[in-house]
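Derivation of every value follows stated rules applied to the coordinates shown; laboratory data play no part. Please read these numbers as outputs of a predicted model, since none were measured by experiment. Cβ sites come from the backbone with ideal geometry, for glycine too, and all protein chains shown count toward neighbours.
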């Protein structure tokens, strides 16, 4: 993943995949940042459904990160 991001750091699809990896490994902050960056990168000529898919992915990761944070705060010892 690091190599792909180094080579294609501004590629929206690399950022999207990176976000999925971060989300899957419970790295919430990064999983939210990557799709946000991806949403900013697509060319204006991209079809609206593709742009919307990127926005929805970003929102989903953000909700997941917020839920994980809340669960962590409620865990014993916190």
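Taking the simple approach of a point 7 Å from Cα along Cα-to-Cβ for both residue 13 and residue 60, what is their distance in nm?
It works out to 1.8 nm between the two label points.
By average Cβ neighbour count within 10 Å, what is the ranking of 46-59, 7-20 from highest down? Walk me through the intermediate numbers first.
Values: 46-59: 13.5, 7-20: 16.9.
Per-residue Cβ counts within 10 Å, averaged per peptide and sorted highest first, yield 7-20, 46-59.
Fewest to most neighbouring Cβ within 10 Å: what's the order for 21, 39?
In order of increasing Cβ crowding within 10 Å: 21, 39.
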